[in-house]
Amino acid sequence: MILLVTLAVPLAGALLLLLPGARFLPGDAAVRRYGVAVSGVTLLLALVTAAVFDHGEPHRMQQGVDWAWAPAIDLRFHLGVDGVSLPLVVLTALLTFLCFVHMVRHPPSGGPARLLTALVLVLEVGMLGTFLALDLLLFFVFFEVVLIPMYVVIALWGGAGRRAAAYKFILYTLLGSGVLLVGLLLVAVNAGTLDMVALAERHGGGLSRGVQITAFVLIGLGLAVKVPMWPLHTWLPDAHTEAPTVGSVLLAGVLLKMGTYGFVRIALPVAPEGAQVWAPWLGLLAVIGIVYGALACLAQRDLKRLIAYSSVGHMGFVLLGIATLTPVGVNAALFGNIAHGLITGLLFFLAGAVKERYGTGDLAALGGGMLTSAPRLAAFLTFASVASLGLPGLAGFWGEMLALLGAYRPDGGLPRETFVTFMAVGALGAVLTAAYFLRLLARVTHGPVAEDRRDAVLPAPTSSEYAAWVPLVILTLLVGLWPKLLLDLTTAPVRTLLGGG
Amino acid sequence: MSAGVHIIAAPGDIPAPHIEYGQLAPMLIVFGVAVLGVLVEALAGRPWRYRIQVPLAFAGLLAAFVWTIVLAWRHEPFHVAAMGALGVDGPTLFLQGTILVLALVSLLLIAERSAAHFTAQASALPGSEAEQQSMSAGITQTEIFPLMMFAVGGMLMFPASNDLLTMFVALEVLSLPLYLLCGLARRRRLLSQEAAVKYFLLGAFSSAFFLYGAALLYGYAGSVRLSDISAQAGQGAGGETLLLAGIALLSVGLLFKLGAVPFHMWKPDVYQGAPTPITALMASCTLVSAFGALLRVYYVGFETLRWDWRPAMWGVAIITMVVGAVVAITQTDIKRMLAYSSIAHAGFLLTGVVATSRQGLSGTLFYLAAYGFTTIGAFAVVTMVRDAGGEAAHLSRWAGLGRRSPVIAGVFAFFLLAMAGIPLTSGFTGKFAVFSAAVDGGATPLVVVGVLASAIAAFFYVRVIVVMFFSDPEADGPSVVVSPATATAVALGLTVTVVLGVLPQPVLDLAGTAASQMFVR
């Protein structure tokens, strides 16, 4: 029942904003505080869910809700949480809350605050629902609910090229979800059920090899657009760059995870034979994504665009982990998901702060010497960059290291030489990742301050910025230093999902 | 169906057919009201006509609808009536009920007086003095009401027809009034008359195809009854050429009516030229009716020949979806765009036909009802957005509508999203129902094309939303005229679109029950 309330609170919050503005919460400031309050309650509920979660049995679906919605099309309102979804639920609630906190003092310009608040709350419903849904059709419904609000957020509050970016975003994702729907239909029709738990327990039983192969490629393609996997990533840099800070944070922090989560929750357990067939290809594209993302980052001139491309690389590691089909690899993928959500969320917050202060995100125009001119901001940026490049002891390290480890010893049915090659190339990508982040730091934070900026006074971070950044920093450290926290949650359910018992 | 035998015909006597009046009452009521309407035109004075016609039409449609419900409620309807000419069964009653409700909503638009849609006098040449005079005299055309009732009567009969001759009569009864109605637009009359002529010529052509096909099938089976044709084909009686040619020609006639590619050429021109309320009527009721007839012909008459017609239907469905979606992208006129979107939807619906299963049937029924309401709502919004020259049909004129009247623009955006098939709208439920039936029927590649086409279709729906909300409004942009009848139609369309999206179960159940016994034969 608590899951239901977790979904209902942001939904009710968004619906309440439909009331006429003159009577309910007049003024933008009140609406923003309202957003903080509603998302704060949702975060509390998510934390309560984590608190009452039985950590002894993380592989079991807990707090289940299972109601018939439209039996004629087999749509059930079936929710539940296990060790795989719990961290993502908390991450979603946290990032949404931090976005609202950030918006109190740094509202993006473009449209009415009321609409933005309502949209982000609907977005939160869709994101949380995607991670909680245990019915394929319900999953799809929530997966789609996210699209329209995010589209509007980009199209109204985005940067100069927002129109094209929003267009690209919605077209790519609609195309992807169409293919995903066919895959889900194929599974549903052949297996006779849409229940994700039942399907996962069967491990492909009742689905012929041909169906599994087709279903995996359809579902995989649909999810790969969202992840995004190279070469379906081209919507991402534009969308991330043009979106307002809130949009970028949620896009990178949560929306991308919906794709990889779908792989782990649906594609692998439902069509294991299909996964065996496609895993080497998935691994190949993942590795290309890692190297491509890193090389693209080396060539970027815009801070936000660079971070966006870095996401392609990081999600490449996550996909590589999934492609190994081993508990180690999939755990790595789930770990990488959370780590990337924390770190890239932070990076986008910081990029937004830089843009706000300097008026540009262009690396050349930023000049150098941020450590002199804005020491605190630069310190945070350094921390986030170093975390993102995978420094041991911080969150980014474990996901990548374990993914490479998984690739060294892939599932028995997979060609080992191929995966070892992937591992080697992926490791090269990790080095390149370090290279571009260090280049970024060298260009922006170090060096002398540019002549024309020498006298400019840059405002120190505000309290609401600290409030948004510090939790992410703490969690990055916590997860990095104590990875067991997450791995304990995911290990058992991953075994169940992969059928290892 | 029992009594025909009782009458022992004396030589030279013509045996009187036995008609089950109670079973056929919905059709008879509508036709009766149409005839009454003609009498009203002849006998009532001009000031009275509108005041009599509108309540009469509403009452007729409502009575027919109530009777349909009673028929469906009282007993499991599954028999033929009128000496086997008409079928009374679950799917037919569902379709007839849908047509009647949709016709009621269309009637709200047609009866709208504050924004006149119809020319004052159809016979007056555009731009002539006679036109000026009739305009200044404030004449309103009221013949539209009996014409519409005849068309609706034909639409009710079309899916019920159990033999090809009755079906042909129904086809003509529904088409001829529509040809006329298309030419009655008040503004852009030349365009409207051109549309009427085009529709008439092409429609007559397709009717000829239909008739020729029926003749060939009669030559093959020795009967025009669908069940006889099916039985003969099942026995594999000779004359394969005759049979296949007959099916092909008959299909041309049917596919023309629902606007499947490559017989879709009339749709954009006619939808654009016709008065928008009539477009709404055609886009909803005619589509439902034509699909009903198509379903009956293929599910009853040609059921045993599934393996012969399915490949062709695959092809038609694929090109209909793709052409409809792709060509819609280039449209700059709202009504033309909606016409192409209707073509694409005909393609999606055809995937349900290809499924040839009970699920396919019930999915198609649901989709038809859902899409009918959405499209009427969309056209109703089109009638509301007006500038000096009538409806502001060009897409560029809609720029910034979202700022000027956010509610109307929002509602239209919602209709478009429903047509794009976004979850929690009726469009998604409908698409899901037909697509899952098609996957179940082994037509997965078709469904892949379907979802890709709907993603392409989403492109132009989103484009309209972008124009409405994210473009700067023109200084002399159109204004939104809200009048009670049209607003009611929009509200009804919106309500049904939301309800069928969020709580589709009752209607899905209804469609499922209706389809449980399939068609009577």
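The values are calculated or read from the model by the stated rules, or taken from the named source; none is laboratory data. Predicted model only: the values in this text are computed from it and were never measured. Using ideal geometry, Cβ is built from the backbone for each residue, glycine included, and neighbour counts are taken over all protein chains shown. The area values use the complete protein model at the heavy-atom level, side chains included, leaving out ligands, DNA and RNA. Shrake-Rupley method; radii C 1.70, N 1.55, O 1.52, S 1.80 Å.
Data overview
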read-out	value
Candidate set from region A:183-203 (those that are among the small types (Gly, Ala, Ser) and within 14 Å of chain B (Cβ to nearest Cβ)); member that is most open to solvent (accessible area, probe 1.4 Å)	A:Gly192
Qualifying residue in region B:492-511 (condition: open to solvent by less than 50 Å² (accessible area, probe 1.4 Å), outside any helix (DSSP H, G or I) and within 18 Å of A:Leu185 (Cα to Cα))	no
Matching option when the condition is assigned to a helix (DSSP H, G or I), crowded, with 23+ Cβ neighbours inside 10 Å, at pLDDT 90 or above and within 24 Å of the chain's Cα centre (by Cα), among A:Ala155, A:Ala215	A:Ala215
Failed item, numbered, when A:Ala72 is tested on (1) surrounded by 21 or more Cβ atoms within 10 Å (Cβ to Cβ); (2) touching a residue at least 12 places away in the same chain (Cβ under 8 Å)	(2)
Residue list for region B:446-460, restricted to those being modelled with pLDDT under 90 and more than 9 Å from chain A (Cβ to nearest Cβ)	B:Ala457, B:Phe460
Answer residue from region A:166-178, given it is more than 9 Å from chain B (Cβ to nearest Cβ) and surrounded by 24 or more Cβ atoms within 10 Å (Cβ to Cβ) and is nearest to A:Tyr151 (Cα to Cα) among those	A:Phe169
Qualifying residue in region B:167-181 (condition: of a type in the set (D, E, K, R), at pLDDT below 90 and more than 18 Å from B:Gly301 (Cβ to Cβ))	no
Evaluation of B:Arg463 against (1) more than 10 Å from chain A (Cβ to nearest Cβ); (2) within 25 Å of A:Val152 (Cβ to Cβ); (3) open to solvent by 30 Å² or more (accessible area, probe 1.4 Å) (one fails), failing number	(1)
Yes/no for A:Pro471 being under 30 Å from A:Val264 (Cα atoms) and either of a type in the set (A, V, I, L, M, F, W, C) or surrounded by 14 or more Cβ atoms within 10 Å (Cβ to Cβ) (or both)	yes
Of the criteria (1) closer than 30 Å to B:Ser426 by Cα; (2) under 28 Å from the mean Cα position of the chain (by Cα), which one A:Leu45 fails	(1)
A:Thr92 vs. criteria away from chain B (no Cβ under 14 Å), at negative phi and of a type in the set (S, T, N, Q)	yes
Sole exception among (1) under 18 Å from the mean Cα position of the chain (by Cα); (2) touching a residue at least 24 places away in the same chain (Cβ under 8 Å) for A:Phe142, by number	(2)
Residues of region A:1-32 classified as farther than 19 Å from A:Val125 by Cα and either of a type in the set (Val, Ile, Thr) or outside any loop (DSSP other than H, G, I, E, B) (or both), total	3
So B:Ala487, is it closer than 25 Å to B:Ser284 by Cα, part of a helix (DSSP H, G or I), modelled with pLDDT of 90 or more and open to solvent by less than 10 Å² (accessible area, probe 1.4 Å)	no
Yes/no for A:Leu147 being open to solvent by 10 Å² or more (accessible area, probe 1.4 Å) and within 8 Å of chain B (Cβ to nearest Cβ)	no
Evaluation of A:Gly206 against (1) away from chain B (no Cβ under 12 Å); (2) buried (at least 24 other Cβ atoms within 10 Å of the Cβ) (one fails), failing number	(2)
Positions within region A:375-409 being more than 25 Å from the chain's Cα centre (by Cα) and either without any contact (Cβ under 8 Å) to a residue 12 or more places away in the chain or farther than 20 Å from A:Ile307 by Cα (or both), in sequence order	A:Pro375, A:Tyr408, A:Arg409
Set B:Phe94, B:Phe65, B:Phe78: member being modelled with pLDDT under 90 and among the aromatic types (Phe, Trp, Tyr)	B:Phe78
Check on A:Val48, of a type outside the set (D, E, K, R), outside any loop (DSSP other than H, G, I, E, B), more than 14 Å from every other protein chain (Cβ to nearest Cβ) and surrounded by 14 or more Cβ atoms within 10 Å (Cβ to Cβ)	no
Residue identified as in contact with a Phe, Trp or Tyr (Cβ under 7 Å, 6 or more places away or on another chain) and without any contact (Cβ under 8 Å) to a residue 60 or more places away in the chain among A:Val225, A:Val287	A:Val225
Residue satisfying all of: in region A:228-280; in contact with a Phe, Trp or Tyr (Cβ under 9 Å, 6 or more places away or on another chain) and of a type in the set (Phe, Trp, Tyr); farthest from A:Glu465 (Cα to Cα) among these	A:Trp278
Qualifying residue in region B:47-55 (condition: open to solvent by less than 30 Å² (accessible area, probe 1.4 Å), within 24 Å of B:Leu109 (Cβ to Cβ) and modelled with pLDDT of 90 or more)	yes
Total residues in region A:474-486, condition farther than 18 Å from A:Leu94 by Cα, open to solvent by 40 Å² or more (accessible area, probe 1.4 Å) and not aromatic (Phe, Trp, Tyr)	2
Matching entry among B:Pro473, B:Pro478 (being over 30 Å from B:Val354 (Cα atoms), more than 10 Å from chain A (Cβ to nearest Cβ) and open to solvent by 10 Å² or more (accessible area, probe 1.4 Å))	B:Pro473
Among (1) within 20 Å of A:Leu134 (Cα to Cα); (2) in a helix (DSSP H, G or I), the one test that A:Val65 misses	(2)
Hits in region A:444-497 - residues which are charged (D, E, K, R) and over 19 Å from A:Thr96 (Cα atoms)	A:Glu451, A:Asp452, A:Arg453, A:Arg454, A:Asp455, A:Lys484, A:Asp488, A:Arg495
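Every residue, every condition in (1) within 14 Å of chain B (Cβ to nearest Cβ); (2) out of contact with any strand residue (DSSP E or B) (no Cβ under 9 Å at 6 or more places or on another chain); (3) open to solvent by 30 Å² or more (accessible area, probe 1.4 Å), yes or no:
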| site | (1), (2), (3) |
| --- | --- |
| A:Gly222 | yes, yes, no |
| A:Trp230 | no, yes, yes |
| A:Trp235 | yes, yes, no |
| A:Ala239 | no, yes, no |
| A:Val249 | no, yes, no |
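Conditions tested, residue by residue: (1) of a type outside the set (Gly, Ala, Ser); (2) touching a helix residue (DSSP H, G or I) at 6+ places or on another chain (Cβ under 8 Å); (3) not in a loop (DSSP other than H, G, I, E, B).
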residue: B:Gly87; (1), (2), (3): no, yes, yes
residue: B:Ala116; (1), (2), (3): no, no, no
residue: B:Gln133; (1), (2), (3): yes, no, yes
residue: B:Val152; (1), (2), (3): yes, yes, yes
